[in-house]
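Here the structure is laid out as structure tokens; the discussion comes afterwards.
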Amino acid sequence: MSTKRILIVEDDLDILRLLTRELEDAGFEVLAFDSGMRGLSAVRESEPDLVILDLGLPDLSGQEIARRVRRTGDTPIIILTAADEVGTKVEMLNAGADDYLAKPFHVEELVARVNVQLRKRTLGSAQKIGELTIDPVRRQVFWGEEEIRFSPREYELITYLAGQPGRVYSRKEIENNVWGEDLPPSSNVVDVHIANIRGKLRDAGGYGVIRTIRGVGYALKS
Ligand code: CA
């Protein structure tokens, strides 16, 4: 995965330095600006993957920058607000912000929000079945926003069922395609894996995702 470039505009230099350092530690390339005008022209020149904007800037407000960035593209935008500016949430979202964070916040929280936004944009190649998202590039599965950690075999199994949502796959087919071998007739390994997958889906809020067709096999709900 190539390094993601994040552009920050924040006139409080302490915060700017802190965010720059933390985001660089998290593996991002960071372009930092303390002026709205310069930040805006840099957005146009450097095409960042995500933009973080302080709302209260002396020259050009974060909201105005968001509006102008939005006019030319769909770069994700996170706006930082002072606590007493939170009431303008609707205005910020209207201006095109994808998310906002009220100060003071934990930097870890910002990094998490950044990752959520970037993930949304990279899910282009992913398969979505209702709330279920399977990203084959990174071998990740999500229920809504929440990532579900499957073992390699569980991942292969759910991906196999997702090949054709709604189609009933027999145990034999699953064994041959996911295990690549005939398992002993007494083996309940497929059922055990299905139970584990269901448990993990349920923990994330996903109920009834895999149907059992008695005596035949399983199907992913379409
Ligand atoms: Ca400010």
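The values are calculated or read from the model by the stated rules, or taken from the named source; none is laboratory data. Since we're looking at a predicted model, the values are computed, not measured. A quick note on method: Cβ atoms are made from the backbone with ideal geometry, for glycine too, and the neighbour counts reach across all protein chains shown. Surface accessibility is based on the protein's heavy atoms, side chains included, excluding ligands, DNA and RNA. Shrake-Rupley method; radii C 1.70, N 1.55, O 1.52, S 1.80 Å.
Below, the figures for the structure above:
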{"item": "Spans of helices (runs of 4 or more DSSP H) in the stretch 1-84 with at least 1 residues of a type in the set (A, V, I, L, M, F, W, C) and out of contact with any helix residue (DSSP H, G or I) (no Cβ under 9 Å at 6 or more places or on another chain)", "result": "13-25, 36-46"}
{"item": "Search result, residues across the stretch 164-197 that are open to solvent by 60 Å² or more (accessible area, probe 1.4 Å), within 26 Å of the chain's Cα centre (by Cα) and under 16 Å from K221 (Cα atoms)", "result": "Q164"}
{"item": "Residue tally, condition hydrophobic (A, V, I, L, M, F, W, C), touching a residue at least 60 places away in the same chain (Cβ under 8 Å) and more than 16 Å from the ligand (Cβ to nearest atom), over the stretch 39-65", "result": "1"}
{"item": "Among residues of the stretch 123-178, those that are part of a loop (DSSP other than H, G, I, E, B) and over 19 Å from G205 (Cβ atoms), counted", "result": "10"}
{"item": "Subset tally (residues that are within 14 Å of the ligand (Cβ to nearest atom) and more than 24 Å from the chain's Cα centre (by Cα)) for the stretch 66-87", "result": "4"}
{"item": "Hits in the stretch 10-30 - residues which are surrounded by fewer than 18 Cβ atoms within 10 Å (Cβ to Cβ), of a type in the set (A, V, I, L, M, F, W, C) and away from the ligand (no atom under 15 Å from the Cβ)", "result": "A26"}
{"item": "Unique match (being out of contact with any strand residue (DSSP E or B) (no Cβ under 9 Å at 6 or more places or on another chain) and modelled with pLDDT under 85) among T88, T72", "result": "T72"}
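So that you can scan it fast, the table gives a plain yes or no per residue for (1) in contact with a Leu (Cβ under 7 Å, 6 or more places away or on another chain); (2) of a type outside the set (D, E, K, R); (3) open to solvent by 50 Å² or more (accessible area, probe 1.4 Å):
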position	(1), (2), (3)
L55	yes, yes, no
L60	yes, yes, no
A66	yes, yes, no
V69	no, yes, no
L101	yes, yes, no
R121	no, no, yes
I129	yes, yes, no
D135	yes, no, no
F142	no, yes, no
